[in-house]
Amino acid sequence: MSPVRWIGILLSLAGLVMVAAGATTWFTVQSQLADERITVSADADWFAGEKIDGPLTAYSEAQIIEKHALKASGGKTYAELDKEDPVRATVMNGSFLRASLFTSVVSFGIAAMVVGLGFVISLAGYALFLIGRRPATDPAPLA
């Protein structure tokens, strides 16, 4: 078997592993979010009342948490609040919750990217495999 065919097979297999890993990551993050039984706040701009189990609902809830935290603090961020301000703990918890939700949004994005790249790599490997099956021909002399 030609080296091109072997490379094609290896690329195809690597791509399929990437597709499986990306899909597994997506569904693991989705399952973990769903297990928390969180719903998007009723006053959110998008997906109000829906279960948080995907990137869009997680992003929507992160946005409304920020809105609530800023309202509670009079528009000040955690860093802007005095260390003795009792609202500082609420704003800090909001920041932690937002960071967790944004981490899941990023995880969904990376998982989708890995699936897409895996698919493209598998196609490239398949193309190399097909090219490797063609018999080599001698180029015609240039005259």
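Just a few scattered comments:
- Looking across region 120-134, just one residue is hydroxyl-bearing (Ser, Thr, Tyr) and either over 14 Å from Trp6 (Cβ atoms) or not in a helix (DSSP H, G or I) (or both), and that is Ser122.
Conditions tested, residue by residue: (1) assigned to a helix (DSSP H, G or I); (2) modelled with pLDDT under 95; (3) touching a strand residue (DSSP E or B) at 6+ places or on another chain (Cβ under 8 Å).
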site: Ile7; (1), (2), (3): yes, no, no
site: Leu10; (1), (2), (3): yes, no, no
site: Leu13; (1), (2), (3): yes, no, no
site: Ala42; (1), (2), (3): no, no, no
site: Gly49; (1), (2), (3): no, no, yes
site: Ser100; (1), (2), (3): yes, no, no
site: Ser104; (1), (2), (3): yes, no, no
site: Met113; (1), (2), (3): yes, no, no
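- When the residues of region 75-118 are filtered to those that are open to solvent by less than 50 Å² (accessible area, probe 1.4 Å) and polar (S, T, N, Q), the one that is nearest to Trp26 (Cα to Cα) is Ser107.
- Residue match in region 72-87 (condition: within 18 Å of the chain's Cα centre (by Cα) and part of a helix (DSSP H, G or I)): no
- When restricted to residues that are closer than 29 Å to Phe129 by Cα and open to solvent by 50 Å² or more (accessible area, probe 1.4 Å), region 22-52 contains 2.
- Considering residues of region 58-74 that are under 25 Å from Ile110 (Cα atoms) and in contact with a helix residue (DSSP H, G or I) (Cβ under 8 Å, 6 or more places away or on another chain) only, the residue surrounded by the fewest Cβ atoms within 10 Å (Cβ to Cβ): Glu66
The values are calculated or read from the model by the stated rules, or taken from the named source; none is laboratory data. Predicted model, so just to flag it, every value in this text is computed and none were measured. Using ideal geometry, Cβ is built from the backbone for each residue, glycine included, and neighbour counts are taken over all protein chains shown. These area figures cover heavy atoms from the full protein model, side chains too; ligands, DNA and RNA do not enter into them. Shrake-Rupley method; radii C 1.70, N 1.55, O 1.52, S 1.80 Å.
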